[in-house]
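Peer 1: Take this structure first; my questions come after.
The values are calculated or read from the model by the stated rules, or taken from the named source; none is laboratory data. Keep in mind that what you see is a predicted model, and the values were worked out from it rather than measured. No Cβ is skipped: glycine too gets one built from the backbone with ideal geometry, and neighbour counts run over all protein chains shown. In case anyone asks, the SASA skips ligands and DNA or RNA and just uses the protein heavy atoms, side chains included. Shrake-Rupley method; radii C 1.70, N 1.55, O 1.52, S 1.80 Å.
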Amino acid sequence: MTTGAVNIYQQLMGREEEFSLREILFHKTCFAIALALNAALVVAIFLGFWDIVLVIIIGEIILTIAFWLSRFMKRFYWAWWMVIIFGYLFIGTNFFLNGGYEGPTLLLSYISLVFLSATTKSQFQWIWALIHSLIFGSIALYTFYVDASWVTEYPSQEVRVLDHVLSYIIGAFFISMLFSLVRAAYEKQKERAIAQHRNILEKEQELKDSNKDLTRILSILAHDVRNPLASIEGYLQLNEAGDLDPSMRASLNHDLLKLVKGTSYMLDDMLHWSKGQLHGHTTNMSEQMLGPWLRPTLEHMEALAKAKNIRLVSEYKSTHRVFVDPNMTTVILRNLLQNAIKFSPSQTKISLKVKVEQNSLIIKVTDEGIGITQQELSKLFTLNAKSKIGTQQELGSGLGLLLCKDYTEAQGGRISAESELGKGSTFTVCLPQEIQDEEEDQVKRV
């Protein structure tokens, strides 16, 4: 069967989005019964059983109406009962018109029982088996012991044998087809159950991972906020007791200001990251001139570096235009420079290079700090990365680099890190650009 024919057949029988599996099986069974009746019609015409020909034609009309009611009018139970009632009438009529208990009717009656088993809920199948046995057992016993005058006898033994053989063949093919439909429906249901189970397991694993992430975030928050609060509490207690002289107060104010700013940045990172996890990262791309955009962030970072006696050297073309999300990229730049300052000792240099090459904006931050082990490097941009204390006991959330990765990928870019323990690290961010002629300072927006 070609793909087009398969699609037409599936559309005719009804799709799973529109019908239950039981209803689709009923439609397919009606189709199979129609094929069996057509074959029986040919046999009846061949044998000259014109009364049976008429009954079969009426049966096919009723079957067509039942199919139409269920498939197109969505009246499944009406259609199902119509087929059941007609089925018993048809087989009962065939019993009297086709040789009684000596004919093939009792054999063919199992077709209706198989149909009932295929389309009835399992808890009712024994009831239909009992009804079936009572109806056809009673008819056979009645015609044998009481009155057989209503039964039409075969004209010859040869016709009787032919009728039995052909009816057996039709019945065998129909039952085989029906069991094939039931088996196919069972396999499809099994595949669906397996897929649902697999999906449940995946969702369960995602939930476990989310719970781990939440636990990790709460742990970070509790650990990193507690220390600044303890320092502020201690300062306030000393200040209230009047134990601070002006010079010590000024020094503590300076240290606490740094501590609060660091905690504020950490909470900002945590807020940005959690919002991204809940709602996704929405980019707001726009054209930026490097100089005006970078300068405020660099001035602040240069002050932080100077406080640790670290030299921050930047290299970029201030009039160059790039196409980025300015807020996201500022957060990326700030976190990379903060990390470089945090893990660099005094008397070292940090280098920032921003340039456009091969249709990409390249941001590269290189430090001469403590470096990162290969094991830590493999976990760097995940929640499994452990926050380390800086060279002057600076604290961090561990979320900064994860946020850099999320914001970089949200803009279609990539971030990478290279490091050697004791010799420093280099972080590289590549954001896609489609720059026209640089002399025109034009940006083609992607």
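Peer 1: Got a sec? Which of E187, E206 is open to solvent by 80 Å² or more (accessible area, probe 1.4 Å) and either at pLDDT 75 or above or at negative phi (or both)?
Peer 2: Residue meeting the stated conditions: E206.
Peer 1: Looking at region 318-351 only, could you name the residues that are in a loop (DSSP other than H, G, I, E, B), β-branched (V, I, T) and out of contact with any helix residue (DSSP H, G or I) (no Cβ under 8 Å at 6 or more places or on another chain)?
Peer 2: Keep residues of region 318-351 that are in a loop (DSSP other than H, G, I, E, B), which gives 318-320, 325, 343-348.
Filter again for β-branched (V, I, T), leaving 319, 348.
T348, the sole residue that qualifies.
Peer 1: Sticking with this structure for a sec: Hey, among Y142, Y168, Y154, which residue is over 27 Å from A34 (Cα atoms) and either surrounded by 13 or more Cβ atoms within 10 Å (Cβ to Cβ) or touching a Leu at 6+ places or on another chain (Cβ under 9 Å) (or both)?
Peer 2: Exactly one residue qualifies, and that residue is Y142.
Peer 1: Check region 375-384 and report whether any residue there is modelled with pLDDT under 90, under 33 Å from the mean Cα position of the chain (by Cα) and open to solvent by less than 30 Å² (accessible area, probe 1.4 Å).
Peer 2: Narrowing region 375-384 to residues modelled with pLDDT under 90: 375-384.
After this cut, where a residue has to be under 33 Å from the mean Cα position of the chain (by Cα) as well, the list is 375-384.
With the extra rule that they be open to solvent by less than 30 Å² (accessible area, probe 1.4 Å), the set shrinks to 380, 383.
Yes, region 375-384 contains a residue that is modelled with pLDDT under 90, under 33 Å from the mean Cα position of the chain (by Cα) and open to solvent by less than 30 Å² (accessible area, probe 1.4 Å).
Peer 1: Right, something else. Have a look at I62, I45, I84 and point out the one that is assigned to a helix (DSSP H, G or I), out of contact with any Leu (no Cβ under 6 Å at 6 or more places or on another chain) and surrounded by fewer than 14 Cβ atoms within 10 Å (Cβ to Cβ).
Peer 2: Numbers: I62 fails: surrounded by fewer than 14 Cβ atoms within 10 Å (Cβ to Cβ); I84 fails: surrounded by fewer than 14 Cβ atoms within 10 Å (Cβ to Cβ).
Result: I45 is the single residue among I62, I45, I84 that is assigned to a helix (DSSP H, G or I), out of contact with any Leu (no Cβ under 6 Å at 6 or more places or on another chain) and surrounded by fewer than 14 Cβ atoms within 10 Å (Cβ to Cβ).
Peer 1: Then there is this: Please indicate, with yes or no, whether at least one residue in region 195-204 is without any contact (Cβ under 8 Å) to a residue 12 or more places away in the chain, farther than 28 Å from F31 by Cα and part of a loop (DSSP other than H, G, I, E, B). Show your work before the answer.
Peer 2: Keep residues of region 195-204 that are without any contact (Cβ under 8 Å) to a residue 12 or more places away in the chain, which gives 195-204.
Restricting the remaining residues to those that are farther than 28 Å from F31 by Cα gives 195-204.
Then keep just the ones that are part of a loop (DSSP other than H, G, I, E, B); that gives none.
The answer is no; no qualifying residue exists.
Peer 1: Looking only at residues in region 77-95 that are touching a residue at least 40 places away in the same chain (Cβ under 8 Å) and more than 17 Å from H164 (Cβ to Cβ), which one is farthest from the chain's Cα centre (by Cα)? Can you show your working first?
Peer 2: Step one: filter region 77-95 for residues touching a residue at least 40 places away in the same chain (Cβ under 8 Å), giving 79-80, 83, 88, 91-92, 94-95.
Still in the running and more than 17 Å from H164 (Cβ to Cβ): 79-80, 83, 88, 92.
Working: A79: 37, W80: 36, V83: 40, Y88: 47, G92: 53 Å.
If we take residues in region 77-95 being touching a residue at least 40 places away in the same chain (Cβ under 8 Å) and more than 17 Å from H164 (Cβ to Cβ), then G92 is farthest from the chain's Cα centre (by Cα).
Peer 1: Among the hydroxyl-bearing types (S, T, Y) and not in a helix (DSSP H, G or I) - does that describe any residue in region 119-127? Give the derivation first.
Peer 2: First, pick out the residues of region 119-127 that are among the hydroxyl-bearing types (S, T, Y): 119-120, 122.
With not in a helix (DSSP H, G or I) added as a condition, the list becomes 120.
Yes, region 119-127 has at least one match.
Peer 1: Does region 28-42 hold any residues that are crowded, with 21+ Cβ neighbours inside 10 Å and farther than 30 Å from Y154 by Cβ, and which are they?
Peer 2: K28, T29, C30
Peer 1: May I pose another question? Go through region 271-300 and count every residue that is open to solvent by less than 70 Å² (accessible area, probe 1.4 Å), part of a helix (DSSP H, G or I) and modelled with pLDDT of 85 or more.
Peer 2: 6
Peer 1: Just checking, which of K355, K306, K364 is assigned to a strand (DSSP E or B), more than 15 Å from K405 (Cα to Cα) and open to solvent by 70 Å² or more (accessible area, probe 1.4 Å)?
Peer 2: Just one listed residue meets the conditions, K355.
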